[in-house]
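Take a look at the structure set out below.
The values are calculated or read from the model by the stated rules, or taken from the named source; none is laboratory data. What you see is a predicted model; the values in this text were computed from it and never measured. All Cβ positions, glycine included, derive from the backbone under ideal geometry; neighbour counts span all protein chains shown. Protein only, heavy atoms only, side chains kept; ligands, DNA and RNA dropped before computing areas. Shrake-Rupley method; radii C 1.70, N 1.55, O 1.52, S 1.80 Å.
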Amino acid sequence: MRVAIVGHGKMGGAVAREARRRGHEVVATIDLAENPSGGGLALEALSGADVAFEFTTPSAAPGNLTRLAELGATVVTGTTGWREELPRIAPLVERGGGALLHAANFSLGMMAMRHAIRSLGRLLRDRPEFDAALHEAHHNKKLDAPSGTALLLQSDLRSEDPTRAWPITSERVGWVPGTHRLTFDAEFETVTVTHTARDRAVFAVGAVVAGEWLLGRRGVFTFDDVLTGDER
């Protein structure tokens, strides 16, 4: 698989290393400085890449994804904080004949946590003796708060119990790759589900797996599709 990296920050670098480790070729690296508002993205710049991995910033992602959709590219993005633009970008992907897989989190363990908390939300629905809240912590360079993953967890929980507020508290400190915790607290007991990423390499592994799965497909997908074997 020939790979292009759009956004050569820490995550872009981790994806490039993982892609090479899995035997893929990195044929292009495009950083923010040479790509204002997606203007540096062209077929020539992508160097014939089969899949482009977009890990940039919430402000840069919409322009990048718009341009890549217009080029008919196959794209995996892990940038968060841009999802309100998805209804505009998704039709561009369909019209361009490309593919887009977006995810707030590429950890397999986080996907398992999502399934677990939906079950808890359903089982403890209509149990007012339990208060419930989400907490997330990330490194001090992360720009968006709450994290995209925390918002995804909140959406999962609201789908099971829309009567609760499911508040999120956010912490930005040091070098924490990412911790997400759901707590149900009652007078005499506490139930806690926690996912902790020890290294951003876990996200790079999931992203490259997603790119391998996406190759040859067309349309808009999420990481859930990779795990559940969606065959669109």
Worksheet item: Which residue, of Thr163, Thr192, Thr149, Thr183, is surrounded by 12 or more Cβ atoms within 10 Å (Cβ to Cβ), more than 21 Å from the chain's Cα centre (by Cα) and either over 21 Å from Arg83 (Cβ atoms) or at pLDDT below 95 (or both)?
Response: Thr183
Worksheet, complete the sentence: Considering residues that are at pLDDT 90 or above and within 23 Å of Glu85 (Cα to Cα), the number found within segment 12-56 is 7
Worksheet item: Can you name every residue in segment 112-122 that is modelled with pLDDT of 95 or more, open to solvent by 30 Å² or more (accessible area, probe 1.4 Å) and not charged (D, E, K, R)?
Response: Ala116, Ser119, Leu120
Worksheet item: What about Gly109, is it part of a helix (DSSP H, G or I), in contact with a Ser or Thr (Cβ under 8 Å, 6 or more places away or on another chain) and modelled with pLDDT under 95?
Response: no
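Could you identify the single residue in Ala137, Ala150, Ala132, Ala145 that is within 17 Å of Ala197 (Cβ to Cβ) and in a strand (DSSP E or B)?
Ala137
In the set Arg88, Arg67, which member is over 17 Å from Asp31 (Cβ atoms), open to solvent by 20 Å² or more (accessible area, probe 1.4 Å), of a type in the set (Lys, Arg) and in a helix (DSSP H, G or I)? Give the steps one after another, and end with the answer.
Values: Arg67 fails: over 17 Å from Asp31 (Cβ atoms).
None of the others qualify; the one that does is Arg88.
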Discussion item. Checking the structure you have, find out if any residue of segment 123-139 is within 23 Å of Val226 (Cα to Cα), open to solvent by less than 50 Å² (accessible area, probe 1.4 Å), in contact with a helix residue (DSSP H, G or I) (Cβ under 6 Å, 6 or more places away or on another chain) and hydrophobic (A, V, I, L, M, F, W, C).
Written reply: no
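Could you count how many residues in segment 112-129 are among the charged types (D, E, K, R) and in a helix (DSSP H, G or I)?
Summing the residues that are among the charged types (D, E, K, R) and in a helix (DSSP H, G or I) in segment 112-129 gives 3.
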Practice prompt. Would you check if Gly72 is open to solvent by 20 Å² or more (accessible area, probe 1.4 Å) and within 22 Å of Val3 (Cα to Cα)?
Written response: yes
Worksheet entry | Tally, over segment 173-206, of residues that are in a loop (DSSP other than H, G, I, E, B), farther than 21 Å from Ala103 by Cα and in contact with a strand residue (DSSP E or B) (Cβ under 7 Å, 6 or more places away or on another chain) | 1
